[in-house]
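Data first, discussion second: the structure below is written as structure tokens.
The values are calculated or read from the model by the stated rules, or taken from the named source; none is laboratory data. Everything numeric in this text was worked out from a predicted model, so none of it was measured. Backbone-built Cβ (ideal geometry, glycine too); neighbour counts: all protein chains shown. Please note that ligands, DNA and RNA were not included when accessible areas were found on the heavy atoms of the full protein model with its side chains. Shrake-Rupley method; radii C 1.70, N 1.55, O 1.52, S 1.80 Å.
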Protein chains: 2
Amino acid sequence: MMLLDADIHQRWADDKAIVQYLPERYKDDGIVAPELLYRNPGGFLKQDEVSEGGGKPGSDTQKIVEDHLDKHDIDYGMFTGNSWFNLGALPNRDYANELARAYNEWLIDECLSVDERFLGSMYIAPKAPKKGAELIREYGSHPQIRQVMLPGGAEVPYGRPQYWPLYEAAEEMNLAIAIHPFSEGHGTSNPPTGAGHPNSYIEWHTLLGTYYMGQLTSMVTEGVFVEYPDLRLALIEGGYGWLPHFMWRLDKNWKGLRSQVPWLEKKPSHYIRKNVWFASQPIEEPEEPEQHNQILDMMHADEILIFASDYPHWDGDDPMWGLPPMEDEMERAVMYENAMELWDLPADPTDLN
Amino acid sequence: MMLLDADIHQRWADDKAIVQYLPERYKDDGIVAPELLYRNPGGFLKQDEVSEGGGKPGSDTQKIVEDHLDKHDIDYGMFTGNSWFNLGALPNRDYANELARAYNEWLIDECLSVDERFLGSMYIAPKAPKKGAELIREYGSHPQIRQVMLPGGAEVPYGRPQYWPLYEAAEEMNLAIAIHPFSEGHGTSNPPTGAGHPNSYIEWHTLLGTYYMGQLTSMVTEGVFVEYPDLRLALIEGGYGWLPHFMWRLDKNWKGLRSQVPWLEKKPSHYIRKNVWFASQPIEEPEEPEQHNQILDMMHADEILIFASDYPHWDGDDPMWGLPPMEDEMERAVMYENAMELWDLPADPTDLN
């Protein structure tokens, strides 16, 4: 059986790795990123993955090959980068766009080149969507780059038309769009929920799914997947246990309120099942194992759930033991078939180039 | 079998009904409420409940008795008032507090007096919690007033210590605290999710549950139910299909992050199952009826789900047909036993006085 991992966090050991690619006007600034205010008291990284030279876990790409890809016999591993980069929460969109470009250069030169099994999520600055579309057309033809990353928090929801140039470019370049927690509640982004700013990391982390509900509602109801029927969206690290209630609720509301969204030709869950994938980590752990299988059935996980380890983060899931037991057909779909479709991958990585 | 309805929206036919109770300094202002920006294109009210004189549905209390209580043989019906009142989204907390007082006077004089089966949710202004606590002690001894209403949207989450005087007073007066959608995204409240302001009512309405997730996370993790172990909280009109994933996720995070919330003596779901109740409307409708029963089991609905009609709103649930079929024991719990416990009610309304 093949195995794909949708969420591997590589990082640079030193800021110079990124700054070298910045234009002269920003080189003296270095990397300015919003401080991460919600902190895990135990740290975010698995301390058994510190590199031999003492580098932070994820900063030695060769170590990721050995300790993760080789160890678990992973066929493809998707790099998602550093959450604290927070490109959506920076006030200066030109600077954010240049940071994104520098990240993409580093990703290609120093990360993807290490092993052909690595895939890349290129960065763009969400507040500069037209420039982001240019970046997508510039970097998106690299054979290992298979998706474009957006942060979960934002100023305005991702269904709004100003973002559509990103979706047009991603569809054209055959790249997925991914959303990963980055900026929620930090920098220029909104409070994480309508309730306001949480007090602690346990609150912040518990509520990750709510940003995704907001973004997914916006993208589906505004008609992104009608305008771009081949666009593929991956929601990473937002959980999936909320999907049954969410799809039922959105479909029910569509029955009563479809006059507000006349462009939707089918019920909302149709677009979710056709155009959206959900990464498994962090798994919500039911009281009874059978309840997990019930949730998988309710959400049509055989079509839309993909395995993610979140390596090397504190709450990452081991490819062998992270997921509760599933039936064989479901397991094949979740562990590789669905992700192969999401990123349009050949069975053999050597066929990528 | 008894029947309790947790959400009946009565309203005044004319603003004068409220303004007469305002202090002189605000009488000329009348009722200033944030405009409801998210609108149902079909209206919010069932048009077959317009009163004989042409009054809006819910404005004729005697008609609620006949068309709802008598028709469905309801033993107790909880008045929740007018959502657009939006006391949490007003900038002037003194004015908001006086509006709350005026509402409470009207509620007692003109609504609860009509039928002893009616129960009342008194209002307070969330930005004036100390004055709100005074209102709770002033009006909370009325035998039909059984809970205190908070709006779902807020400036800061309801777990914060500034709100605790409200909880202290409610516990002392043996009243439940209720949250109902009011101000989310309107007036001075936050955007409804970390994604920003939705575009349309279908989005806004779909995301109602996310405010409740934010508020419930805050109240549980900040230790409200440790400090006030007898406090009872009702979450109305936020749905319940999200509870399984939510309790699993919060419990899982507590296992890894309990050092942040050392005051929690038990896992978070313990407090939810002991101190919190969830009103049924609007029901998320599963694809298969059996899935609804699975959700009920996962969320321990036999302890915490209560029936609500949301009369006379557009998407209200009929007491006979609103809920999918349940087993007898579950049905008794949901249709009356759980709400009797929430509001500490005698079996016979005449024993209330």
Exercise. Quick one: would you say residue A:121 is within 19 Å of residue A:342 (Cβ to Cβ), touching a residue at least 12 places away in the same chain (Cβ under 8 Å), open to solvent by less than 10 Å² (accessible area, probe 1.4 Å) and away from every other protein chain (no Cβ under 11 Å)?
Worked result: yes
Seminar exercise, completed: Cβ pairs under 9 Å, 6+ apart or interchain, first in segment A:62-81 and free of Cβ contacts under 8 Å to residues at least 24 places away in the same chain, second open to solvent by less than 10 Å² (accessible area, probe 1.4 Å) and part of a loop (DSSP other than H, G, I, E, B), ordered by first then second residue, are A:63/A:57; A:67/A:312
Problem set entry | Long-range neighbours under 7 Å by Cβ, at least six apart or interchain, first residue aliphatic (A, V, I, L, M) within segment B:267-292, second open to solvent by 10 Å² or more (accessible area, probe 1.4 Å) | B:279/B:237; B:283/B:317; B:283/B:322; B:283/B:323
Seminar exercise, completed: Exception for residue A:165 within (1) free of Cβ contacts under 8 Å to residues at least 24 places away in the same chain; (2) open to solvent by 10 Å² or more (accessible area, probe 1.4 Å) falls at (1)
Exercise. Restricting the search to segment B:156-178, which residues are facing chain A (nearest Cβ under 10 Å) and in contact with a strand residue (DSSP E or B) (Cβ under 6 Å, 6 or more places away or on another chain)?
Worked result: B:156, B:157
Seminar exercise, completed: Of the residues in segment B:305-327 that are assigned to a strand (DSSP E or B) and open to solvent by less than 20 Å² (accessible area, probe 1.4 Å), the one that is nearest to residue B:276 (Cα to Cα) is B:305
Exercise. Can you pull out the residues in segment A:42-90 that are among the β-branched types (Val, Ile, Thr), open to solvent by less than 40 Å² (accessible area, probe 1.4 Å) and in a loop (DSSP other than H, G, I, E, B)?
Worked result: A:74, A:80
Exercise. Looking at this structure, is residue B:160 more than 20 Å from residue A:218 (Cα to Cα) and surrounded by fewer than 24 Cβ atoms within 10 Å (Cβ to Cβ)?
Worked result: yes
Exercise. Could you say whether any residue in segment A:235-245 is within 21 Å of the chain's Cα centre (by Cα) and under 24 Å from residue B:158 (Cα atoms)?
Worked result: yes
Exercise. Out of segment A:9-41, which residues are among the polar types (S, T, N, Q) and either within 14 Å of chain B (Cβ to nearest Cβ) or open to solvent by 70 Å² or more (accessible area, probe 1.4 Å) (or both)?
Worked result: A:20, A:40
For this session: Could you list all residues from segment B:240-250 that are in a helix (DSSP H, G or I) and either more than 8 Å from every other protein chain (Cβ to nearest Cβ) or in contact (Cβ under 8 Å) with a residue 60 or more places away in the chain (or both)?
Result: B:243, B:247
Problem set entry | Checklist (1) free of Cβ contacts under 8 Å to residues at least 60 places away in the same chain; (2) out of contact with any strand residue (DSSP E or B) (no Cβ under 7 Å at 6 or more places or on another chain); (3) open to solvent by 10 Å² or more (accessible area, probe 1.4 Å); (4) of a type outside the set (A, V, I, L, M) applied to residue B:132, failing item | (3)
Exercise. What are the residues in segment A:202-230 that are in contact with a strand residue (DSSP E or B) (Cβ under 8 Å, 6 or more places away or on another chain), farther than 13 Å from residue A:159 by Cα and among the aliphatic types (A, V, I, L, M), if any?
Worked result: A:207
Exercise. When you look at residue B:146, is it away from every other protein chain (no Cβ under 14 Å), under 14 Å from the mean Cα position of the chain (by Cα) and not aromatic (Phe, Trp, Tyr), yes or no?
Worked result: yes
For this session: Go through segment B:182-223 and count every residue that is buried (at least 23 other Cβ atoms within 10 Å of the Cβ), more than 7 Å from chain A (Cβ to nearest Cβ) and among the β-branched types (Val, Ile, Thr).
Result: 1
Exercise. Is there a residue being in contact with a strand residue (DSSP E or B) (Cβ under 8 Å, 6 or more places away or on another chain) and either open to solvent by less than 10 Å² (accessible area, probe 1.4 Å) or part of a strand (DSSP E or B) (or both) anywhere in segment B:265-276?
Worked result: yes
Exercise. Got at least one residue in segment B:296-304 being of a type in the set (A, V, I, L, M, F, W, C), open to solvent by less than 10 Å² (accessible area, probe 1.4 Å), under 29 Å from residue B:249 (Cα atoms) and in a loop (DSSP other than H, G, I, E, B)?
Worked result: no
Exercise. Which condition breaks for residue B:350 when tested against (1) modelled with pLDDT under 90; (2) part of a helix (DSSP H, G or I); (3) closer than 24 Å to residue B:181 by Cα?
Worked result: (3)
Exercise. Got a sec? Which of A:19, A:32 is at pLDDT 90 or above, touching a Gly at 6+ places or on another chain (Cβ under 6 Å), over 27 Å from residue A:283 (Cα atoms) and not acidic (Asp, Glu)?
Worked result: A:19
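For residue A:330, indicate whether it is away from chain B (no Cβ under 12 Å), in contact (Cβ under 8 Å) with a residue 24 or more places away in the chain and surrounded by fewer than 19 Cβ atoms within 10 Å (Cβ to Cβ).
Judged against the criteria, residue A:330 is a match.
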For this session: Report whether or not residue A:286 is within 12 Å of chain B (Cβ to nearest Cβ) and at pLDDT below 95.
Result: yes
Problem set entry | Hey, residue B:306 touching a residue at least 12 places away in the same chain (Cβ under 8 Å) and within 30 Å of residue B:55 (Cβ to Cβ) or not | yes
